[in-house]
Amino acid sequence: MSAVDYDTLIPNNVDLSSDERLKRALEKWYPNYINWWKTVGPEGFQDCQVYLRTAVSVEKDGWAKFGFVKMPEYRWGILLAPKEEGRKIAFGKHKGEPVWQEVPGEYRAMLRRLIVIQGDTEPASVEQQRILGATAPSLYDMRNLFQVNVEEGRHLWAMVYLLQKYFGRSGREEAEALLERRSGDPDRPRILGAFNEATPDWLSFFMFTTFTDRDGKMQLESLANSGFDPLARTTRFMLTEEGHHMLVGRTGVARVIQRTSELMSERGISDVNDIETIRKHGVIDLPTIQKKINFHFSVTLDLFGAEISTNAANSFNASIKGRFGEPRINDDHQLHNDTYPVSQLVDGEVKQVDVPAISAINARLLDVYIDECANIVTSWNRIISEQGINFELHLPHRAFHRQVGEFSECFASPSGDVITEDEWTQRSGEWLPSADDGDFVCGLMKPEHRVGHFAPWIAAPKAGIDGKPGDFEYVKIAA
Ligand SMILES: [Fe+2]
Ligand SMILES: [Fe+2]
C-alpha cells in the first residue's frame with residue numbers, strides 16, 4: 001500500500017499528508033474497506049462507469065464534481081466544513097467556552113459511542129441496498145442508488161477519520177469493527193434495529209431514503225454544534241450530502257404515487273381499494289403505499305431512542321450533542337428550569353405531559369422530525385388530488401407499532417387509539433405490509449436498462465441529474 005499517494009487518492013482538507021500516524025492507520029484500514037465494498041457493497045455493476053458526484057473540497061465549486069467513475073475507484077474523501085475561528089460552545093454546561101480541538105478525557109467514552117453508532121449506520125444502509133442495482137427501474141435511478149451508496153461509504157470514512165485521529169487504539173479497533181458487523185446478520189448485526197431490516201425492492205429504498213435518511217439528518221444536525229469541533233465540522237459537511245439522499249427518497253415515492261394516480265385517472269378507476277384491478281395494470285396501489293409509510297415511519301421513530309432519556313440529557317449537558325438548530329433556539333441553552341411537553345400513555349390514553357426539558361431532548365427532536373415528514377406527505381397528497389382521486393395518505397400516530405420509548409408497551413392503531421393485543425393481532429395486517437404485498441411489489445421489480453426509459457410502475461423524474469437531458473446514459477452498463 002505504500003505506493004498509494006493518499007493525498008491524491010483521498011481528497012481531504014485535514015492535511016493528511018503531514019500526519020504520519022493517521023496515514024498509517026488509514027493504510028491499514030483502506031484495503032479492508034475496499035474488500036468490504038466489493039463483498040457486501042453494491043452487487044454487480046462494479047466495473048460500470050457511473051455518473052457520480054465526488055466531493056473534492058468543501059468550497060462551493062468543489063463539493064459536487066460530476067464525472068464517470070467505476071465505484072471501487074470512487075475518491076472517498078475526508079472533508080470537514082471550514083473552521084470557524086473563535087467558535088464558542090453553544091449549549092450545555094460548557095456553554096460559552098471555546099470549542100474543543102481534542103477529546104476531553106471525561107467525555108471520551110461518550111463521544112466514541114456516539115461516533116460509533118453514527119458510523120455503524122453508514123455501511124449498514126449500503127449493505128441493505130446492495131441487491132437493488134439488478135432491478136433498477138431506470139439508469140437514472142440506478143445512478144441515484146449508487147450515489148447514495150458511495151456517499152454513505154464516505155460518511156463511514158468521515159466517522160473512521162474521527163475514530164482513528166482522536167481515539168487512539170480503541171478508535172482503530174472500533175474502525176475495524178465497523179467493517180465487521182453486517183446488516184441483518186443474527187450473530188453480528190448492525191447496532192440499530194432499522195438498519196437490520198431488509199430493503200428488498202425500490203419502493204422500500206425510496207421509503208428508507210425518505211424516512212430513515214431523514215433520521216440521519218436529525219442526528220447529524222444535533223451533532224453539528226457539538227463542543228468537539230472536529231465532530232461538528234465533519235457532520236456539517238455530511239449534511240450537504242444527506243440532502244440528496246432524502247430528495248431521492250421523496251421524489252422517488254412521489255413518482256410512484258404519480259404513476260399510480262395517472263393510471264387510475266386514465267382508466268377511470270375511482271375505487272382506491274379495488275386493489276386487484278389496480279395491480280393488474282402493473283402499478284402499486286395507494287393502500288400499499290400507505291402501509292409502507294406506516295412501516296418505515298414507525299421503525300424510524302424507534303431510532304431516536306426513548307423520548308425521555310438520561311443518555312440524551314447527559315450528552316446535552318456535556319455539550320456534546322445539542323438540539324436541532326440549537327443556536328436559533330430562544331432559551332438559555334442549558335435547560336435549567338425549562339419543561340417540554342411529551343406525549344405519554346396516561347391511564348390508557350395518549351396525553352401530553354410537561355417534563356423537565358433536559359430529559360426530553362429526544363422527544364423534541366422527534367417532534368421536529370415528525371413535522372418534516374408531515375410536510376412531505378402533504379406534498380405527496382397533492383399529486384393524488386391533482387389527478388382527481390379521492391384519497392389521502394397519512395403519517396401514522398407516533399404510538400403506532402413502536403418497540404422503543406413511551407409507547408413500546410402498548411398497542412395502538414395508526415390513528416393513535418390504544419387497542420388490545422387481540423385487536424392488534426386481528427388488524428395489524430390492514431396497517432402493515434403483508435408478505436403478499438411484498439411479493440407483489442417485488443414482482444414488479446423488472447430492470448429497465450434502456451437509456452431514457454422507466455419501468456411502468458414509476459413516472460419519469462421532472463429533471464435530470466446535473467442538468468442532464470432525459471436521454472442521458474447515467475450508467476454505462478456495457479463498458
Ligand atoms: Fe450517511
Ligand atoms: Fe444518507
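When we screen D354, D331 for residues that are without any contact (Cβ under 8 Å) to a residue 60 or more places away in the chain, in contact with a Pro (Cβ under 6 Å, 6 or more places away or on another chain) and surrounded by fewer than 19 Cβ atoms within 10 Å (Cβ to Cβ), the only hit is D354.
Based on what the data block shows, is F206 within 28 Å of H244 (Cβ to Cβ), in contact with a helix residue (DSSP H, G or I) (Cβ under 6 Å, 6 or more places away or on another chain) and either of a type in the set (F, W, Y) or at pLDDT below 95 (or both)? Yes; evaluated as a whole, the condition is true for this residue.
Among residues of region 113-140 that are closer than 22 Å to L247 by Cβ and in contact (Cβ under 8 Å) with a residue 12 or more places away in the chain, those with a beta-carbon under 8 Å from a residue that is away from ligand 2 (no atom under 15 Å from the Cβ) and of a type in the set (S, T, Y) at least six positions away or on a different chain give the pairs L139/Y474; Y140/Y474. Looking across K65, K70, K38, one residue alone is of a type outside the set (V, I, T), touching a Cys at 6+ places or on another chain (Cβ under 8 Å) and within 17 Å of V148 (Cα to Cα). It is K70. All conditions but one from (1) among the aliphatic types (A, V, I, L, M); (2) touching a helix residue (DSSP H, G or I) at 6+ places or on another chain (Cβ under 7 Å); (3) away from ligand 2 (no atom under 15 Å from the Cβ) apply to A177; the one that does not is (2). Taking the criterion of being within 18 Å of S298 (Cα to Cα) and touching a residue at least 24 places away in the same chain (Cβ under 8 Å), the residues of region 370-393 that qualify are I370, E372, C373, I376, V377, L393. Within region 76-91, is even one residue under 24 Å from the mean Cα position of the chain (by Cα), closer than 16 Å to T240 by Cβ and at pLDDT 95 or above? No, the conditions are met nowhere in region 76-91. Which numbered condition in (1) touching a His at 6+ places or on another chain (Cβ under 6 Å); (2) over 30 Å from Q387 (Cα atoms); (3) within 16 Å of ligand 1 (Cβ to nearest atom) is the only one that G227 fails? Unmet for G227, out of (1) touching a His at 6+ places or on another chain (Cβ under 6 Å); (2) over 30 Å from Q387 (Cα atoms); (3) within 16 Å of ligand 1 (Cβ to nearest atom): (3). Does A175 count as crowded, with 24+ Cβ neighbours inside 10 Å, away from ligand 1 (no atom under 14 Å from the Cβ) and within 29 Å of K23 (Cα to Cα)? Yes: the conditions hold for A175.
If I filter region 416-445 down to residues being outside any helix (DSSP H, G or I) and within 25 Å of the chain's Cα centre (by Cα), which single residue comes out as farthest from F295 (Cα to Cα)? Within region 416-445, the match that is farthest from F295 (Cα to Cα) is M445. Considering the conditions (1) surrounded by 13 or more Cβ atoms within 10 Å (Cβ to Cβ); (2) over 30 Å from S343 (Cα atoms); (3) of a type outside the set (A, V, I, L, M), R450 is excluded by exactly one of them, (1). Just one residue in the set R188, R236, R279, R259 is without any contact (Cβ under 8 Å) to a residue 12 or more places away in the chain and either in contact with a Lys or Arg (Cβ under 8 Å, 6 or more places away or on another chain) or away from ligand 2 (no atom under 14 Å from the Cβ) (or both); that residue is R188. Would you check if V160 is over 15 Å from the mean Cα position of the chain (by Cα) and within 16 Å of ligand 1 (Cβ to nearest atom)? Taking the combined requirement at face value, the residue satisfies it. Among the residues of region 468-479, not one is outside any loop (DSSP other than H, G, I, E, B) and at pLDDT below 95. Remark: G168 falls outside the filter, which requires a residue to be in contact with a Gly (Cβ under 8 Å, 6 or more places away or on another chain) and away from ligand 1 (no atom under 16 Å from the Cβ). Against the definition (outside any loop (DSSP other than H, G, I, E, B) and touching a residue at least 60 places away in the same chain (Cβ under 8 Å)), how does F66 come out, yes or no? In short, yes.
Restricting E102, E106, E122 to those that are closer than 20 Å to L22 by Cβ and part of a helix (DSSP H, G or I) reduces the list to E122.
Among the residues making up region 178-209, those that are within 14 Å of ligand 1 (Cβ to nearest atom), of a type outside the set (G, A, S) and assigned to a helix (DSSP H, G or I) are F195, F208, T209. Counting just the residues of region 99-158 that are of a type in the set (K, R) and either within 11 Å of ligand 2 (Cβ to nearest atom) or farther than 25 Å from L26 by Cβ (or both), which one comes out surrounded by the most Cβ atoms within 10 Å (Cβ to Cβ)? Ranking the candidates gives R143 first.
Across region 77-98, what is the total count of residues that are buried (at least 22 other Cβ atoms within 10 Å of the Cβ) and farther than 23 Å from L303 by Cβ? Looking only at that region, the number is 5.
The values are calculated or read from the model by the stated rules, or taken from the named source; none is laboratory data. Since we're looking at a predicted model, the values are computed, not measured. For neighbour counting, all protein chains shown are included, and Cβ atoms are generated from backbone atoms with ideal geometry for every residue, glycine included.
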